[in-house]
Amino acid sequence: SYSASGRAGLDTEVLTLETYDRNALRWDDDEKIAAFVTARDEEVQRFARNIASIVDDEGIPAIDRSLQLAMVLFASMDENRCVYVPDPSTPYAELSQNAQAVDSVQFPRQTLLYRAGDCDDLSATYTALLEAVGVPTAFITVPGHIYTAFHLDMTRDEARSLARTNDLIIREDDVWIPVETTLL
């Protein structure tokens with residue numbers, strides 16, 4: 001409401017506000033998936049730290065700790081029967097191509113509870129588990145798919161002496177290993 005030149009007036013405008021549930025995500029920016037990496041969630045911490053204790057107790061000192069953690073966390077997801085299941089109502093392959101489409105992404109706690117998820121669910125979960133034990137991670141998106149990578153604490157030359165370089169991502173002197181979580 002307002003008053004101008006001694007006369008009162010009123011203007012109204014109706015705005016529509018779209019609200020989505022907590023698992024909603026639009027793929028207009030790939031970095032939004034990071035909101036689902038809940039490394040500080042108590043269930044994620046419990047799962048990851050219990051598994052990490054195996055590496056701390058029985059690990060091999062000559063092998064990079066991040067690599068050992070990544071291996072045992074992936075294996076533990078498999079042992080926990082976390083499996084890849086394409087989302088029939090909101091498949092990532094279709095929705096990621098449409099920036100305005102709304103996808104549903106599970107939080108890691110949900111994926112561990114349901115023991116299933118599509119590529120974005122499993123990638124967010126694996127990434128959260130790694131981050132919960134201090135392993136730096138990244139997401140890799142390609143048309144119709146998302147997967148993850150983790151950082152090795154070794155130089156490019158050290159990595160080249162241990163693995164085929166076409167299996168690694170090397171940026172400057174940082175070495176990353178890509179992981180396809182849909183293999184679960």
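Brief remarks on what is shown
- One residue alone among Arg115, Arg49 is modelled with pLDDT of 95 or more, loosely packed, with under 15 Cβ neighbours inside 10 Å, basic (Lys, Arg) and in contact with a helix residue (DSSP H, G or I) (Cβ under 8 Å, 6 or more places away or on another chain), and that residue is Arg49.
Okay, residues lined up against (1) open to solvent by less than 20 Å² (accessible area, probe 1.4 Å); (2) over 13 Å from the mean Cα position of the chain (by Cα); (3) over 17 Å from Met71 (Cβ atoms):
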| site | (1), (2), (3) |
| --- | --- |
| Val105 | yes, no, yes |
| Thr111 | yes, no, yes |
| Leu130 | yes, no, no |
| Thr141 | no, no, yes |
| Ala149 | yes, no, no |
| Leu168 | no, yes, no |
| Asp174 | no, yes, yes |
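- Scanning region 14-25 finds no residues that are free of Cβ contacts under 8 Å to residues at least 24 places away in the same chain and part of a helix (DSSP H, G or I).
- For first residues located in region 75-91 and of a type in the set (Phe, Trp, Tyr), partners that are surrounded by 14 or more Cβ atoms within 10 Å (Cβ to Cβ) and not in a helix (DSSP H, G or I) and lie 6+ apart or on another chain with Cβ distances below 6 Å form the pairs Tyr84/Leu184.
- Check on Leu162, at pLDDT 95 or above and closer than 15 Å to Ser66 by Cα: no
- Positions within region 84-103 being among the hydrophobic types (A, V, I, L, M, F, W, C), open to solvent by 20 Å² or more (accessible area, probe 1.4 Å) and more than 22 Å from Val44 (Cα to Cα), in sequence order: Ala93, Leu95, Ala99, Val102
- Residues that are of a type outside the set (A, V, I, L, M) and touching a Lys or Arg at 6+ places or on another chain (Cβ under 9 Å), drawn from region 135-155: Asp153
- Asp41 in contact (Cβ under 8 Å) with a residue 40 or more places away in the chain, charged (D, E, K, R) and surrounded by 15 or more Cβ atoms within 10 Å (Cβ to Cβ): yes
The values are calculated or read from the model by the stated rules, or taken from the named source; none is laboratory data. The shown structure was predicted, so the numbers you read here are calculated from the model rather than taken from an experiment. FYI the Cβ positions are ideal-geometry reconstructions off the backbone, even for glycines, and counts take in every protein chain you see. In case anyone asks, the SASA skips ligands and DNA or RNA and just uses the protein heavy atoms, side chains included. Shrake-Rupley method; radii C 1.70, N 1.55, O 1.52, S 1.80 Å.
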